[in-house]
Structure formats: C-alpha cells, structure tokens
Amino acid sequence: MNWLKEKLTELAAFRQLLEKVEKNRIVQLIGLSGSLRAFIAQGLSETLDRPLLYIANDLDSAEKLRDDLELLGLKLPFAFMPPLKFDPYDTVEASPSLLRLRIETTQTLIEHDTWLAVTTPQALLESLPLPEEFVDLQLYLKRGMEISFDKLLPHLTEIGLERVEIVENVGQFSVRGGIVDVYVWNYDDPLRIEFFGNQIDSMRFFDVISQRSIKPAQEATLLPNLENRKNRAFIDQLLPENAILFFEDWALTRTKAEQFLNKASRAYQDQQELGIENPPPQSTFLTLERLDKMARRLTVCKSDLIRDPQAPVVDFNARPHPDFNGSLKLFVKFLQKQSAERMQRLVIIQTANQEQKERLEEIIEEEDLPFRGKIEIGTLHNGFSLDALQVDILTDHEIFKRYKRKKAYRRFKSGEYLRQLSGLNLYDYVVHVDYGIGQYLGMETISYGSVKKECIKIGYQDGDYLYVTVDRLNRVQKYSSEGGGAPKLTKLGTSEWERAKQKTKESIQKIAAELIQIYAARKAHGGHRFSSDNYLVKELEATFPYEETPDQLRAIEEVKADMERPEPMDRLLCGDVGFGKTEVALRAAFKAILDGKQVALLAPTTILAFQHYKTFTDRFREFPVNVEMLNRFRTPARQKKIIQALADGSIDLVIGTHRLLSEDVKFKDLGLLIIDEEQRFGVRQKEKLKKLRVSVDVLSMTATPIPRTLHIALMGARDLSNIDTPPSNRLPVHTEIIHWNDRQLRHIILKELQRDGQVYFVHNRVETIEGVKEALSQIVPEARIAVGHGQLPEKQLEQVMLDFMAKKYDVLLATMIIENGLDIPNVNTIIINRADKLGLAQLYQLRGRVGRSNEQAYAYLLVPPMEKLSSLARKRLRAIMDFTELGSGYKVALRDLELRGAGNLLGKEQSGFVQSVGFEMYCRILDEAVHELRQGLEMKEEAVEKKIAPQRPTDPKLDVDFDLLIPADYIPYELERITIYHRLVNFTGHEQVQSLKEELIDRFGQFPPEVELFLMAIELKILAGKLFAERIIINDRKIKLFFSAAAEKEDLFFSEYMPRMMNQTMTSVRFLNQKNLGVEFEIKGKEKQERMQFAINLLHYIIDRH
C-alpha cells in the first residue's frame, strides 16, 4: 500500500488540493470513488502537518473509513469518535466501549498538535469533558513513586470509579491490604498496584476473569470518566485554528444535525411531561449556529453530491470498482479482456486472508489466465479504478459479493456473571456424591480436638445437617438441571440417594452401550473414502459471502478429514442459529456430490427444509448440482417424479422432512446424510437413522450447545465439533429495557418498517395473545400483524410462517415458538413482552433471532416497573444487557442452554434422571459408564491399546494434626474462599497447586503459615490418590496410608509402588495390620512445614522414582 500512497501524493490533483487548501477556506472535491478518500484525508493531514477532522455521513461510513485508515498505516495520532448514545436523552447507560473512544478522543485532541480524527454528524453535536478538568484529574502513576493512600482512594472516586470488593467490571476499584485494583476505560485490562507503605512497589495488569496478573507495568495514566459532570465542552472548543474539517457531504451533515436537534427538542419535552428533569438541548448539544460558525472559522474540504458553485474544485477522476455481481465468470472475463487488450494497467486484488488468496491463485491458475497483477492480503472497504495511475484496486468481497466485516469495537471483559455462576451462593442447591441433594447454608469453622477445620453446612430433608470439611469439597457440586426448578431434598440415613444413583446408572449404561456399539459397528463395516478437495471446491469456498470464523474453518476441516477416512463419519455439529453450520454442511455435501454420491438433508419442519432449500440452491447456482425438495407441499405427481429421480441418480441432493425416511424413497447411491436438529424427530425415525449410521456418512447439526463435561464423557463414542463464535460482521444487538408505552412502541415498530424490515413481538401466553394483537392494531394500525403459536394446527402455523417469510406481514406476534431455528435476516427488531418472566437462555435465544444481517438490530425487553421485579429478575435483565458475544453474560446463558442441549442429546427420557441426581452427578456417572464399557469392549488390537485406561486415582480422606483452612483475614470474602477451596480439592497435579500459590500471592499478598500447610496437605492428598490410598493420617512425625480395593486390581501397585515403598532409603517403613492394607512412614524435619515437605518428596519418589 505504501507505493500507492506515495504515487497518490505525486498526482497533479493532489498537488492542486494542497495549494487550494492553503489559499482557500472552502475546497470542493469530486471523483473520490471507493476508499480513495482515506488516502486523500491521510495524505492531506500528514503532508500539511495539520489536524484533520473527517465527518462521515453516517456511522457505517465512519467505521469503514476508520478501517481503511488503519489498513494504510497511520503515522499521526488517530481518534475515532462515534455517537455515545443511539438517541438524544437516551436513558440507557452508554456502552463502555463507546465511552472509552470518547475518553481517548478527548485525550488525543488535547495532547497532540497534529492528529487525524473521524466522527459522524450526531457525535459532532454531543458534549465532551471540559479540557482543563480532564487534564487536572488525570492520574499518572509510576513504580517507585510516593503517593498517599488517603489521597489516592478519594481521587479514584472522583475520576468516576466505584469501590467494590472484587474488580469484575470496568469503572471499578478495590482495596485489599496494600493492594489496589483499578479498572479504567483507557486500558484493556485492570491494573493491580501494590504498595509498600506509601510507595508504589509494583504495578501489573491482570485478567479480570481469572484475576491473575498478565504483564508488568512500569507506569500508567488513569484517564477520568467525566460523563456525569454538569459543566461540559463542545468540539468547537477543542479544535485549533489550523484544523481542517473534511465533510463527506457538508449539506447532508447540516441536515442531519438539524434533524437530530429537532428530535432532541421533542425528547426533552416528552421527558419534561413525564416529570424527568434534564438540561435543555441548547446546553446538551452543539447548536446549529455554533456548527455554522465553526465551519466558517476553519478550513473546509467537502465532497458534496451537489457542487458548491462558489468553491474551487479538485477532481481526482476515480471510478468505482467494476460490478461482477458475485459472478466468477464475469471476473474471469474482466481479467481476460485486460490481458487481450494488452493494457498496461496494474490490477491489484485484495483478499481478506491467506485462505482466500490461495483460492484466488488456484482459480486463476485453473482458468489459465495470464495475470500479471498482484494479490495482497488486507482489503480496503471499497475498490476503485484510477486512470491517472493506470491502476485497478479490486477487493475479493466486491468481486464475490462477500460481506466485508468492519472491525469490532474493543470490548471490556467482565468477570461478574462467571463468578456468580461458579461461586456457591447461600441457599443454592448442592449435590454430595455420597449423601445426595441438599441446600448450602453457609460456612462454619468447627474444632476437632485441637484442630480447626472450615466446613460448609448442607441442609437436608427434615432439618438434618451435614458438615463437609473443605478438603472434601470435591464431593460436592452445585446442583443444576434443565428446568432450573427447586429439586427434592434427600433424606439422610435412608437408601433413597443410592437408589436414585443406581437407577440413573442402569439407564445410562443402556445409552452408552448403544453409542459404543454403533461406534464399533461403523469401524468394522467400513464406508466410502471420499477424495481430497479439487479446484471446484475452492471455487465454491471463494463464493461464500462471509469471512469464515476460526471455529467454522476447524469444523469444516474435521468434517472433510472424517469423510476422507475409510470408516463412515458420525459427527455432531453444535452452534447457534446463524453461526454458520449450514455452510459446513453445504461444503460436505458438495464434496460428496463431486465423488458421484447422493446427499440427503433431513429437517424436522417444512419451514426449516424450505430455508435450507433456498440456501443450497442459491449457493450451488453456478455449479452443476441438481437440488430438489421433498415435502408435503409438493404435489403427489411432483413427489413421484422426485422419488423416481432419486432412484435413477439424476438428483444429487434432496432436502426434505421425515418424508425422506418413508419406505418408497430409495437412493441410487447415498453417500452422505445431513440431519438438522435430530432430537426433534420421533422414535421410529430415530431407529431408521440408527441403521443408516452404520454404512453412510452422517453429519448431525444442532443449535443447542452441548456441555463440555458431556462432550468429554462421550469422547470416542461420538465425534463433536463446536462453533462458538458468531460471524464477525455481526453488529451486537442494541438491547433496551423499557416499560409498556403506546407512543414508544409505535415509534419502535414504525422505525423498523420505515427501513423495510419486519418485527417479532413475543408474548408467551396463548390465552391473552389475541388481546395483545388488538392493542397493537390500535397502536400501529398501518402494520400487518400475524399471530403464531404452538396451539394452531401444524399446517396453519407453517402457512403463517411462510407468509411472514414472504413479507406478507410486518409483525409476527408469537409465543416462544420463534426461539427455534427460524432464520429470517429481514427481521431486525424484537420486542419481548414480560421479559422478566423468562430465563436467561430463553432471552438469549430469542434475542439471537435478530441481527442476522449486517443491519443494526434492536431488542426491547418489556418489563413492569423496576421496583416490582424480584432481585433475580433484575440480575437476569442486567446479564442480558451484558450479552455481547464476548461478554460473560453469554457464558451464563450458555450454561442454561447446555443443560437443554444435554437433554436433547441424551433423549428426553433422560431428563428425569438429570433432574433426580443433578447434571454434574449425571455426567460423572455417564463418564464412569463409558469408561467401564470401554474396558470391557473387545476392540481391534490398536484400538484397545489406545482406549483402555488404568485404574483412576482415588479420593483419600485426610486426617491432619493442624488447622485445615484459609484464614478469613487473608481472604475475607466467603464466596472467594469457597471458590479457591473448590478449585484446590479438584486439582490432580503438582503444577496446579504451584500455579494457585502464585495466584494467591499475586491477588492477596504473601500468605500465612496456615495457607502454606493447607496447600501442602492438598498436594499430599493428590499424591496419595495416585497410590490408590483411601485414607491418610498425619500425626506429628508419622504418616499412615491405607489403601483401597482399587490398589489390589492395579498391576502397577504391586509391581512398582510396593517394592519402592519397601526399598526406599529415605526413612523407616512399617506395614500395618488392619482390615485394609496400610503402611506407616516416619517423617523427618524440625518444623511442621519441613515434615510435610519430606512426606511430599517421599510420595513423589515412590510414584516417579526421582
């Protein structure tokens, strides 16, 4: 790009522009096609060494220019200032990402003499902090610097930070002893400042989710957030006299400013009527008079559509990117023409990534094109042709009509909801492996003789309690099940819990056996080994309109690798609707068809089948693939024809509902079966699919994520691919919580209809849905409203959906049925009535129905007044506001969704068992069942070697002669202590304990002796588990180990461990005469810590012999 930048600055038109800008106050630019304006804006500012503010027509144009400038490489300080709010006087809190840009822009404009900034008409009018106040409140910190603790803490509050116990979100700070954690807006990660007295001893950035330090910092500047200050400044106060204003279209900017200010006046009046006090628009936004005055005072460059007859003109004479309409043939013709006419022009093709570059190179080579241009990685948003330089810049997204993603705003991570999720809160339901389901009632310290142990108290049926010492916390898990309701508490002292576990185990063994039998049968049977990719596959991949996400590429590779193996594929592909599963299936289908095989795609509903049919026919348009659809909407005659064509092999790909599984449907040579949402098919159909699985490659797709624990338990019994990341061009859905207000609802619905979009209105009660329709018809009489719910006859519901997809209706008023699988890119507003009644997973999935195109989408959650909501509902709503694809709120919803996914994958009949023992316990039993079956299953020799595992380590009980706890004055927060205990007791290796030691010092400072002994005891417990011990007793200078029955089944124990115990020379050993085999060692050392370390080294030696 650098050579092009240099050439452009040598152009006559550019030299002319420099002269005119120096001499005139206004200059009109024309012929600025595509992304050329980025080159010109940058060249102008850098060459003249003057600050330049570019005012784009709208946010989309501003974001594209920002991306183009970043691709060109910026020498000057750069600032990007989008609008802070969607509407004037918007009550929704400003996004931290946008707030950050506002703070950074203020800093850039104040700190530097020359800069380049990009903004929009609305952002231009919004207020900024007072420059002198902004400078005064900045806080510079450096390692070794003296700063009074008493002065620092009030200052942190003054710059807009809130004091909390643990920093989990941007805008917070916390204090623990001499450690201060601060999360300000101008850094990606929070900062940890450690003091020695009043001196800064060290500074480091840390990860807000793990709370671990990630990199040291020698110095840092904390910029203030002064958004809530009364006294504000405007952009005209921050621009120096030599600044250049570059308007994409000055006339349009002025019109938009006028419209925005009128809107602000109306919003101000509306809020006054509602009794909401706000400062008037003239003191909140830059007025039109001040905007005009600023434009008269400074140098203005403008590329208005309608020329200004008074202004001197500079013409760059650039033409837009040629239009190939997504056709590879037209693109090839263009290159052939360039070559035939021996044009001396240079063609530069820009691609998004290395894969796309390689695809284009293969296509050019395959078509035998004499291409003498360049293919580069990194694309501008819009290509252009410039005759003055004899150059054509083509971009792959414009050639193939792909979406060019805009760079996402940098987001702040949040640790809050993740911690709530993993932490144990008072009255949460828990499952004890041995005693069943109880309720967590807090922590207590209990004395056992002279030894103190911290315990958790669990309440059971009839007021019974169980105290579990923290070293046994790995026997306790948080209870979770799909419904999320309250489970029945277990009665202690009965066999009720053992019976529930046994029943679950028997039921699971059936499922696991079936999965493993199918797995073994597929291995034995063998299938078709598909050929590797050829150039046609590359051509199909090049025409994919989006940029593949890394998850998607991995899933595609996994599926292709499966197909190229001799045994049939059986892969489950998980990913939310719109995350790109269909494209993975489509490429697999194409691969099969190129090998002369037929493909069938099975969907649970006519609507889904129809959506797939549209996608597949559209993507295969340029390729020799015959696609058909078979469902009950086809006439009997047409159905007969399709069935005949399947039998004689003239149809390559058929898409249909369970009609495809009928007896009369026969394939000539079926090679791949794609099943969408398999869990929604009936038992009979599933039986038929089971038979097909053994001989045909099968790819199943589901929109419900599968829990990782379940995934691990099923490893090898079924292959899984997960697509967790949304397409990168997606804009986050703008989410607002509102109360029912006729005027506001009318405004929301009309705003969507005015951009030719459609609206979902979710009301989840069939009894009152007609009443809501009546109300909406009065609020928006011009909207065509359709009603859909699960109690309508199936055919009628399908017709409603098809009509809505065909845009015969503007608003679909429906129950939760829209939650599943509907993908209508034209719907970009969803209104959810009584959102407080819905679970997180439901809210997350409903909101995911919109925002499927590159349009900005909106979700409005209708709730009663906040004071009437339960604290749980408020928490849920706050979490949904935090739902960005990177926000951890997503992880919470994912948790809910995963439980649903577990039910789907294992079959609905298993949900009852999950309910009775809790999800984690269920996975534990499943894992054991699969493990046992594997050991008993006679597989081929090489498979046996890989699959059969040794006995698993035991979980020994720990009896020690010192306090087992973390003192409350070291970690005061109970939730945090439990989290650390829980992690510790689930560790399986020395490295994990070491890592936790470092983490504790990093987060809480040097730990006391009790913590050191506790960590050593856990390490000893891990080692004893590897020796198959069931109990350890440490008493002064002796350590006793009692071994479990597992030890007797393990060859390793008798062939290696026992001889090493007897032959080691570190200390004396004695065998104990007990019911179970036991040994006693003498442990050496003066202090307790030394003796514990000796015991650890001894067990290490016995296990590893070094």
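Observations on the model:
- Placing +1 on the Cβ of every Lys and Arg and -1 on the Cβ of every Asp and Glu, with nothing else charged, gives the stretch 526-723 a dipole about its Cα centre of roughly 880 debye.
- Using the average count of surrounding beta-carbon atoms within 10 Å as a protection proxy, the listed peptides 384-392, 641-649 rank, highest first, as 384-392, 641-649.
- Report note on the peptides 794-807, 425-438, 272-285, 566-579: ranked by the mean count of other C-beta atoms within 10 Å, highest first, their order is 566-579, 425-438, 794-807, 272-285.
- Most tightly packed first, judged by the mean number of other beta-carbon atoms within 10 Å of their residues, the peptides 522-533, 35-46 read 35-46, 522-533.
- Cα gyration tensor category, rounded, prolate or oblate, for the stretch 485-574 with a/c compared to 1.5: oblate
- Counting only residues at least eight positions apart within a chain, or on another chain, the lysines with an alpha carbon under 18 Å from that of residue 20 are 302.
- Expected 222 nm ellipticity per residue - DSSP helices of 4 or more, -39500 (n - 2.57), all of the chain, to 500: -12500 deg cm²/dmol
- Nearest-ten-degree value, helix 974-985 long axis tilted from longest Cα axis of the chain: 60
- For the chain, the longest principal axis of the Cα atoms and the long axis of helix 328-340 meet at an angle of about 50 degrees.
- Average Cα contact separation per residue, the chain, under 8 Å, 6 or more apart, as relative contact order %: 9
- Table column - 3J(HN,Hα) (Hz), the stretch 154-170, Karplus curve with 6.51, -1.76, 1.60, x for Gly and Pro: x, 5, 4, 5, 5, 8, x, 9, 10, 7, 9, 6, 10, 6, 10, 9, 4
- Remark: the stretch 734-884 carries a charge dipole of roughly 380 debye about the Cα centre, counting +1 on each Lys and Arg Cβ and -1 on each Asp and Glu Cβ.
- Using θ = phi - 60° in the Karplus curve 6.51 cos²θ - 1.76 cosθ + 1.60, the 3J(HN,Hα) couplings for the stretch 667-680 round to 9, 6, 7, 6, x, 9, 10, 10, 10, 9, 6, 4, 5, 8 Hz; x is entered for Gly and Pro.
- Phi angles across the stretch 309-324 convert, under the Karplus curve 6.51 cos²θ - 1.76 cosθ + 1.60 with θ = phi - 60°, into 3J(HN,Hα) values of x, 7, 8, x, 10, 10, 10, 8, 6, 8, 10, x, 4, x, 9, 9 Hz, Gly and Pro given as x.
- Near the amide H of residue 1038, within less than 5 Å, lie the amide hydrogens of 1083, all on another chain or at least 5 residues away, with H placed in the peptide plane.
- Antiparallel beta bridges, as assigned by DSSP with both residues in the chain, represent about 45 percent of the total such bridges.
- Top positive-direction residue, dipole computed over the chain with Cβ charges, set 187, 643, 864: 643
- Model label zone, residue 388; criterion: amide N under 11 Å from point 7 Å along Cα-to-beta-carbon; scope the stretch 32-58: 32, 40
- 5 angstrom amide H check on residue 629, placed H, neighbours 5+ away: 655
- Estimated dipole of the chain in Debye, rounded to 20 [Cβ of Lys and Arg +1, of Asp and Glu -1, Cα centre]: 1960
- Theoretical FRET efficiency, 1/(1+(r/R0)^6), r = Cβ-Cβ of residue 486 and residue 637, R0 51 Å, to 0.05: 0.35
- Helix 496-525 axis, angle to the chain major axis (alpha carbon atoms, nearest 10°): 60
- Taking amide H positions as modeled 1.01 Å from N, with prolines and chain starts lacking one, the residues under 5 Å from residue 79 and 5 or more places away or on another chain are 116, 117, 118.
Only the coordinates and a few stated rules stand behind these numbers; no lab work does. These numbers were taken from a predicted model, which means no experiment stands behind them. Glycine also receives a Cβ, built like all others from the backbone with ideal geometry; neighbour counts cover every protein chain displayed.
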